[in-house]
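In what follows, a single structure is set out as structure tokens and then discussed.
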Amino acid sequence: MILCRLFHSPGFTPHQLLVRLHRQPSLALPKKRHQHLNTMATTLEEKLRILHNYSACDVSDALLKLQTPAQGTPARAGYLADLTNPLPPPNTTAPKKIIAPASTIKFTSKHEPPTTQDDPAHTFPPNTHWVDNVESDTIVVVDQPADQHCAVVGGIMAQRMKRLGVRGAVVNGRVRDLAEFADCELPVWARGTSTVGSGAEAKAVARNVPVDVGGVVVSPGDIIVCDPVEGVVAIPRDLLDAVLETMPKLVAMDDRVKEAVSRGMSVFEAFKQFRTKI
């Protein structure tokens, strides 16, 4: 299938992967939580519809089964640790899950020498701001050095991202101007906040390159799940189908465990009886 081949090709940007998707403020959820990929979901849009019906915890449970970490390295299972939504909760409706492919922006110290990167796909055109180059229908993952105290994304950037059709921002660093984020209704998850602008110590040096978020490498095109209840996880793009196949099996087993425990069975016995290898 052509779209599946495009989705797994490293030469395509997240925007190109989504060029045929209809932009929707929310996606209709399947009625059955245990819906499998074998329902003939063939397009990325259909796969994201199914994914909306699972929690970030369900995703991590699947990735824990599917990924083998390097020896001596703890399993992260896609969890982008210590990111929270710094905005006040809305007064009317509960925040919605945001799921979309990742595009990335990498910051460094403003005192570092200029990068030698010369690939136009990963640099910023002359006389443009980094935010003018973000891609629509993606979740922009911004990586900032951990020792910086300034914000790298503020209200003007949020407004520009929203105007360009960005679905949300995940900032492995600091943000500011939270009232402006709320006004433009751009969902954001961040490691912290600041009152100081990025000009104090940071500069954007690359776009659509792999970035490390708390030990999880996020590459352009990976699927980001921003769950307002459970947190943020990243699914490697080559594991999306496997995650969608694995989650229903794990969820069904856990549902049987919960039912048995609610009837008085011990957790040990319930695990032994209903949690089988997949």
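The values are calculated or read from the model by the stated rules, or taken from the named source; none is laboratory data. Keep in mind that what you see is a predicted model, and the values were worked out from it rather than measured. Cβ sites come from the backbone with ideal geometry, for glycine too, and all protein chains shown count toward neighbours. For accessibility, only protein heavy atoms count, side chains too; no ligands or nucleic acids. Shrake-Rupley method; radii C 1.70, N 1.55, O 1.52, S 1.80 Å.
A few remarks follow.
- Among (1) in contact with a Lys or Arg (Cβ under 8 Å, 6 or more places away or on another chain); (2) open to solvent by 50 Å² or more (accessible area, probe 1.4 Å); (3) free of Cβ contacts under 8 Å to residues at least 24 places away in the same chain, the one test that Arg174 misses: (3)
- Top-ranked residue of segment 69-85 - restricted to ones that are of a type in the set (A, V, I, L, M, F, W, C) and without any contact (Cβ under 8 Å) to a residue 60 or more places away in the chain, ranked as nearest to Ala102 (Cα to Cα): Ala75
- Wholly enclosed strands (runs of 3 or more DSSP E) of segment 204-278 bearing at least 3 residues under 21 Å from Pro74 (Cα atoms) and modelled with pLDDT of 95 or more: 211-213, 216-218, 231-235
- Of all residues in segment 147-160 being surrounded by fewer than 24 Cβ atoms within 10 Å (Cβ to Cβ) and free of Cβ contacts under 8 Å to residues at least 40 places away in the same chain, the one that is nearest to Pro86 (Cα to Cα): Gly155
- Residue in segment 180-194 that is in the same structural domain as Phe124 (by the TED database), under 27 Å from Pro74 (Cβ atoms), under 22 Å from the mean Cα position of the chain (by Cα) and not in a strand (DSSP E or B) present: no
- The one condition in (1) open to solvent by 10 Å² or more (accessible area, probe 1.4 Å); (2) in contact with a strand residue (DSSP E or B) (Cβ under 8 Å, 6 or more places away or on another chain) that Ala182 fails to fulfil: (2)
Here is a yes/no grid of residues against (1) over 28 Å from Leu80 (Cβ atoms); (2) surrounded by fewer than 20 Cβ atoms within 10 Å (Cβ to Cβ):
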position: Asp222; (1), (2): no, no
position: Val229; (1), (2): no, yes
position: Ala234; (1), (2): no, no
position: Asp241; (1), (2): no, yes
position: Arg256; (1), (2): yes, yes
position: Ala260; (1), (2): yes, yes
position: Gly264; (1), (2): yes, yes
position: Thr276; (1), (2): yes, yes
